[in-house]
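S.K.: Just passing along the structure, written as structure tokens.
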Amino acid sequence: MLNRRTLRIKVMQSLFAYEQCCEANFELAKDALVQRFSPDLNSMEFQDKPLLKVQQQAALRLIDEKRKGKTSRDEAPEKVVTEEVTKALKEFDKNNKKDFKHLLTRTVDEIEQLTNVFHSVLNLIVALADAASMDRKTDHRAFIENPVVVSLAKHPELKQQANKPESGWEGRKDLVKGWFRDVLKTDVEYQKFIAGNTPSEEQQLSIIKHILRKVILGETLIDSYFEERYIRWAEDKEIVKGLSEKSLKTVRDGKPFQLQKLSLEWEDDKDFVEKIFSTAALLPENQKALIAKNTVNWEVDRLPLTDRVIIQMAIAEFTVLPNIPVKVTINEYIELAKDYSTPKSRQFINGILDVIAKELKKSGELRKSGRGLIDNK
């Protein structure tokens, strides 16, 4: 099941991608200025190369200053330079907005698609049993008639999902047959299971858990397939594994099989994701200045990008999610820094966020309310 830490990781990954897109878009804007103030080799008109070189340097200097919010002390640039820089910045903003919208939508979609992946994994167990039924050389009845497999095959929602390309295996039967032959059939635990006497209920559930953990989600061809197909599989696999195992635990003692839900309150989780991503990506200038002010010994642009993203997310959480205690936010982002950034980042993030939280509270931008939020020092 989804938890808030998983959602934070998803947002962090997308914000990291967004920041990289912004840098790439800025380089494209600068390339456009270089091209604009370069000699036109196809033109029959006179090309004043020294003047173009001066204009090009002025344009590149001006666009850097404008992006950093600085005012040049040099004399005002030529009108043509100002106009071209303005045009380049408009294109830069346009591309950033396009990437912002795409990445926000993709983040939510990727999370929602986890349900399809989860269903796909459970349906693969049934598909492997179907492949086993086609093998005439070996008796696979212990697997094919396993009550857990039968319960999965009969579950209404899984049956419905089995007909969909993204979560069913009907259109990938040859692939499943290959996996059955090369991965499952050669697995030692599976061989012991089908060769044994009438298995107990515990053994029947145990072999399905083994197939899930070691055959499908272990270091096999099947896991490699999911890794190639889903860009976030390294993190998503643990979520899918957890959902699958919790679902399998319900197949016992004659109880109806219960398919776990990815999220109990998806609309709340979705709102959390959208707020953190949108606010962190579009921090107001005064909050960006707050980061710069409190990284005295660091140039903000030279901070590890992951650290910068983490700080921006924490500020977003401080300011737009009043029901989350400050200490919880700081601890969560310290853990993200520990797992995803440099060895020194954990201590650095802790100190920076503590100071920023106090300044935001002083300015009135940080307001917490609700139970458990009194101690926000």
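S.K.: Step by step: first the residues of region 65-82, then only those that are touching a residue at least 24 places away in the same chain (Cβ under 8 Å) and not aliphatic (A, V, I, L, M), then the one that is surrounded by the fewest Cβ atoms within 10 Å (Cβ to Cβ). Which residue is that?
M.R.: Of the residues in region 65-82, the ones touching a residue at least 24 places away in the same chain (Cβ under 8 Å) are 67, 69, 80-81.
Keeping just the survivors that are not aliphatic (A, V, I, L, M) gives 67, 69.
Details: ARG67: 14, GLY69: 9.
So the residue we want is GLY69.
S.K.: Going through region 170-192 one residue at a time, which ones are crowded, with 16+ Cβ neighbours inside 10 Å and under 24 Å from GLY242 (Cβ atoms)?
M.R.: Matches in region 170-192: VAL176, TRP179, VAL183, LEU184, ASP187, TYR190.
S.K.: Right, another one. Could you tell me whether PHE118 is modelled with pLDDT of 90 or more, under 25 Å from THR250 (Cα atoms) and either within 31 Å of the chain's Cα centre (by Cα) or of a type in the set (A, V, I, L, M) (or both)? Working first, answer last.
M.R.: Details: modelled with pLDDT of 90 or more: yes; under 25 Å from THR250 (Cα atoms): yes; either within 31 Å of the chain's Cα centre (by Cα) or of a type in the set (A, V, I, L, M) (or both): yes.
Spelling it out, PHE118 is indeed modelled with pLDDT of 90 or more, under 25 Å from THR250 (Cα atoms) and either within 31 Å of the chain's Cα centre (by Cα) or of a type in the set (A, V, I, L, M) (or both).
S.K.: Collect the residues in region 329-370 that are without any contact (Cβ under 8 Å) to a residue 12 or more places away in the chain, within 14 Å of LEU303 (Cβ to Cβ) and not in a helix (DSSP H, G or I), keeping them in residue-number order.
M.R.: The answer is LYS344, and nothing else.
S.K.: Among the residues of region 116-164, how many are of a type outside the set (S, T, N, Q) and part of a loop (DSSP other than H, G, I, E, B)? Break it down into steps so the answer makes sense when it comes.
M.R.: From region 116-164, those of a type outside the set (S, T, N, Q) are 117-119, 121-122, 124-132, 134-137, 139-145, 147-150, 152-159, 162, 164; that's our starting set.
Next, only the ones that are part of a loop (DSSP other than H, G, I, E, B) stay: 134-137, 139-140, 145, 155, 164.
Going through region 116-164 one residue at a time, the tally reaches 9.
S.K.: Among residues belonging to region 1-48 that are under 14 Å from the mean Cα position of the chain (by Cα) and hydroxyl-bearing (Ser, Thr, Tyr), point out the one that is surrounded by the most Cβ atoms within 10 Å (Cβ to Cβ).
M.R.: Per the stated criteria, the residue is SER14.
S.K.: Considering only region 80-137, state which residues are within 30 Å of LEU33 (Cα to Cα) and among the polar types (S, T, N, Q). If you could, list the steps in order and put the result at the bottom.
M.R.: First, pick out the residues of region 80-137 that are within 30 Å of LEU33 (Cα to Cα): 80-104.
Listed by number, the residues that qualify are THR82, THR86, ASN95, ASN96.
Residues checked against (1) touching a Ser or Thr at 6+ places or on another chain (Cβ under 9 Å); (2) of a type in the set (Ser, Thr, Tyr); (3) at pLDDT below 90:
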site	(1), (2), (3)
THR295	no, yes, yes
ASP301	no, no, yes
GLU317	yes, no, no
LEU336	yes, no, no
TYR340	yes, yes, no
ARG371	no, no, yes
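S.K.: For region 273-291, check the following and say yes or no: at least one residue is modelled with pLDDT under 90, surrounded by 14 or more Cβ atoms within 10 Å (Cβ to Cβ) and assigned to a loop (DSSP other than H, G, I, E, B).
M.R.: Checked against the condition, which is being modelled with pLDDT under 90, surrounded by 14 or more Cβ atoms within 10 Å (Cβ to Cβ) and assigned to a loop (DSSP other than H, G, I, E, B), region 273-291 yields no hits at all.
S.K.: Also, quick follow-up: Go over the candidates GLY242, GLY218 one by one and state the one that is modelled with pLDDT of 90 or more, small (Gly, Ala, Ser) and part of a loop (DSSP other than H, G, I, E, B). Explain how you work it out, then say what you get.
M.R.: Working: GLY242 fails: part of a loop (DSSP other than H, G, I, E, B).
When all the criteria are applied, what remains is GLY218.
S.K.: Regarding region 222-229, can at least one residue be identified that is without any contact (Cβ under 8 Å) to a residue 40 or more places away in the chain and either part of a loop (DSSP other than H, G, I, E, B) or of a type in the set (Val, Ile, Thr) (or both)?
M.R.: Keep residues of region 222-229 that are without any contact (Cβ under 8 Å) to a residue 40 or more places away in the chain, which gives 223-224, 227-229.
After this cut, where a residue has to be either part of a loop (DSSP other than H, G, I, E, B) or of a type in the set (Val, Ile, Thr) (or both) as well, the list is none.
Checking region 222-229: not a single residue is without any contact (Cβ under 8 Å) to a residue 40 or more places away in the chain and either part of a loop (DSSP other than H, G, I, E, B) or of a type in the set (Val, Ile, Thr) (or both).
S.K.: Taking region 52-73, which residues are farther than 19 Å from PHE92 by Cα and part of a helix (DSSP H, G or I)? Break it down into steps so the answer makes sense when it comes.
M.R.: Initially, region 52-73 is screened for residues farther than 19 Å from PHE92 by Cα, giving 52-55, 71-73.
Once the filter is applied, which keeps residues that are farther than 19 Å from PHE92 by Cα and part of a helix (DSSP H, G or I), region 52-73 yields LEU52, LYS53, VAL54, GLN55.
The values are calculated or read from the model by the stated rules, or taken from the named source; none is laboratory data. On a predicted model such as this, the values are computed, not experimentally measured, just so you know. Positions of Cβ are generated from backbone atoms using ideal geometry, with glycine treated the same way; all protein chains shown enter the neighbour counts.
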